[in-house]
Amino acid sequence: MSAQTLLTSLFQYKAWADEGLFSGLNALSANIPADERRVAILILNHAHIVDRIFASNLQRREHAYTRTGADEAPAFEELYNAVRETDRWYVDYVAELSAEDLTESIAFKFSDGGYGRMSRQEMLGHVIAHGGYHRGEVGQIITQLTGSSPPDTFTGYLHTIEPVRREPAWG
């Protein structure tokens with residue numbers, strides 16, 4: 001399996017997990033206290049801002065972000081749609097990269113003004129890991145309030161899209 005194939009699968013998984021978490025949070029909105037809902041949306045917004053910053057970095061474009069968070073939570077539906085659009089962008093972007101593109105090192109500026117340099121595959125790996133970390137935070141909020149949260153594992157995604165993977169390999 002190539003790095004591109006793996007990254008494509010990971011970004012498809014990220015889109016699936018984001019969709020599940022937003023759908024789950026939306027379905028529970030009437031049962032989640034306003035403070036916890038606000039915190040969950042702020043966490044998801046932070047993850048989205050970082051996704052957008054790295055999308056700019058990957059394209060060698062400057063971004064307008066001076067921080068990775070917001071004081072006020074955006075409207076849920078607005079954030080949900082923006083995350084879906086960004087997830088689609090990453091899936092499409094990764095699908096077009098060559099092995100050479102993935103290893104190319106790119107200089108960029110962090111939101112705090114500091115400089116950084118990473119390969120495209122390192123940046124893409126960061127976006128995957130960072131998003132998973134923050135989905136876990138929101139999942140924990142949901143679990144504390146309801147006893148469970150939407151599924152969010154790579155194996156769960158793979159078995160959902162390819163149920164044959166759950167069949168025994170021995171016979």
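The values are calculated or read from the model by the stated rules, or taken from the named source; none is laboratory data. Quantities reported herein were computed from a predicted structural model and do not represent experimental measurements. Cβ: placed from backbone, ideal geometry, glycine included. Neighbour counts: every protein chain shown. Remember, those area values only see protein heavy atoms, side chains included, never the ligands or the DNA or RNA. Shrake-Rupley method; radii C 1.70, N 1.55, O 1.52, S 1.80 Å.
Could you look at the chain and say what percent of its accessible area is carbon and sulfur, using a 1.4 Å probe and all protein chains?
Working: 4910 of 9560 Å².
So the carbon and sulfur contribution to the accessible surface is 51 percent.
In the Gaussian network model of the chain, springs joining C-alpha atoms below 10 Å, which of 12, 59, 121 carries the largest mean-square fluctuation?
59
Would you mind telling me which residue in 47, 99, 15 has the biggest mean-square fluctuation in a Gaussian network model of the chain, where springs connect alpha carbons within a distance under 10 angstrom?
Greatest mean-square fluctuation among the candidates belongs to 99.
Taking the Cβ of residue 73 as the center, what net charge do the other residues with Cβ under 14 Å away carry, scoring Lys and Arg +1 and Asp and Glu -1? If you can, show how the numbers build up before the last one.
Values: positive: 37, 38; negative: 35, 36, 71, 72, 77, 78.
That sum, taken over residues with Cβ under 14 Å, equals -4.
Using only alpha carbon pairs under 8 Å that are at least six residues apart, calculate the relative contact order of the range 30-171 and give it in whole percent.
Working: 105 pairs, mean separation 36.1, N = 142.
After rounding, I find 25 percent.
What list of ³J(HN,Hα) couplings, whole Hz, do you get for the range 50-67 from phi and the Karplus terms 6.51, -1.76, 1.60, once you set θ to phi - 60° and write x for glycine and proline?
So the J values, rounded to whole Hz, are 5, 4, 5, 4, 6, 4, 5, 4, 4, 9, 6, 10, 6, 10, 9, 7, 10, 7.
Can you bin every Cα-Cα distance in the range 29-120 into 5 Å intervals starting at zero and give me the percent of pairs per bin, rounded to whole numbers?
3, 12, 20, 20, 17, 13, 8, 5, 2, 1
Connecting C-alpha atoms closer than 10 Å in a GNM of the chain, tell me which of 43, 161, 32 has the biggest fluctuation.
161
Per residue, how many Å² of accessible area does the chain show with a 1.4 Å probe? Write down the numbers at each step before the final one.
Working: 9560 Å² over 171 residues.
For the chain, the per-residue accessible area is 56 Å².
Send over the semi-axes of the range 61-168's equivalent ellipsoid, whole angstrom and largest first, taken as the square roots of 5 times the C-alpha gyration tensor eigenvalues. It would help to have the intermediate numbers written out before the result.
Values: eigenvalues 156, 108, 34 Å².
Working from the Cα gyration tensor, I get semi-axes of 28, 23, 13 Å.
Round to the nearest 0.05 the FRET efficiency obtained for residue 76 and residue 100 when R0 = 30 Å and r is the Cβ-Cβ distance. Mind showing how you got there, number by number?
On the way: r = 40 Å, r/R0 = 1.34.
It comes out at approximately 0.15.
From the square roots a ≥ b ≥ c of the eigenvalues of the alpha-carbon gyration tensor of the range 125-167, which class results: rounded (a/c under 1.5), prolate (a/b over b/c), or oblate? Mind dumping the intermediate values first?
Values: a/c = 4.68, a/b = 1.35, b/c = 3.46.
Since a/c reaches 1.5 but b/c is at least a/b, the shape of the range 125-167 is classed as oblate.
Work through the residues other than residue 3 whose Cβ is under 15 Å from its Cβ and net out their charges, Lys, Arg +1 and Asp, Glu -1. Walk me through the numbers before you get to the answer.
Values: positive: 120; negative: 96, 100, 101, 104, 122.
Counting the neighbours of residue 3, the net charge comes to -4.
After finding the eigenvalues of the alpha carbon gyration tensor for the range 1-69, what semi-axes result from the square roots of 5 times each, listed largest first in whole Å?
Details: eigenvalues 147, 77, 8 Å².
Rounded to whole Å, the semi-axes are 27, 20, 6.
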